[in-house]
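Scroll down for the structure; my scribbles are underneath it.
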Amino acid sequence: QVQLVESGGGLVQGGGSLRLSCAASGRTFNRYVMAWFRQAPGNEREFVGSIMWSGDLTDTSDSVKGRFTISRDNAKNMVYLEMSSLKAGDTGVYYCAAGSRWPIHETQFVHYWGQGTQVTVSS
């Protein structure tokens, strides 16, 4: 069992930066592929980025590539999403996720979800 709690969301101006954090509980955290998804109002939840259990392999969606970076610290049971050059289109609720498939591009492969944190980018 893994519980995930996101933090770090908020309101930021376009072009700005934000860092999201995800705190995970559970002794088996380092066995999971971790990921970030986001969901804008009226849209389906979409993949943002994922990171292998070892931390040495990452994958990000084309829409955020070069702007967002995902990382993890297995010693602290933490996952991070560094977001820069933010755009209005990045607005949404960001969810931390854990699964066993690499890469996690679809919600059906997610085993655990966090409650989400709101990110709002003003234009």
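Filter segment 28-53 down to the residues that are of a type in the set (A, V, I, L, M, F, W, C) and closer than 12 Å to Glu106 by Cα, then identify the one that is most open to solvent (accessible area, probe 1.4 Å).
Phe47
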Let me confirm something: among Leu11, Leu81, Leu4, which residue is touching a Gly at 6+ places or on another chain (Cβ under 8 Å) and closer than 23 Å to Ser123 by Cβ?
Leu81
Which count do you get for residues in segment 103-123 that are open to solvent by less than 80 Å² (accessible area, probe 1.4 Å) and more than 12 Å from Gly16 (Cβ to Cβ)?
9
Among the residues of segment 78-98, count how many are open to solvent by less than 60 Å² (accessible area, probe 1.4 Å) and either modelled with pLDDT under 95 or charged (D, E, K, R) (or both).
1
State the number of residues belonging to segment 7-22 that are closer than 15 Å to Asp73 by Cβ and open to solvent by less than 40 Å² (accessible area, probe 1.4 Å).
4
Got a sec? Which of Gly26, Gly55, Gly92 is in contact with a Ser or Thr (Cβ under 9 Å, 6 or more places away or on another chain) and over 20 Å from Val12 (Cα atoms)?
Gly55
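The values are calculated or read from the model by the stated rules, or taken from the named source; none is laboratory data. Just so you know, these numbers come straight off a predicted model, no measurement behind them. Methodologically, a virtual Cβ is constructed for each residue, glycine included, from the backbone with ideal geometry; neighbour enumeration extends over all protein chains shown. Ligands, DNA and RNA are stripped out before the accessible areas are found, and what is left, the full protein with its side chains, is counted by its heavy atoms. Shrake-Rupley method; radii C 1.70, N 1.55, O 1.52, S 1.80 Å.
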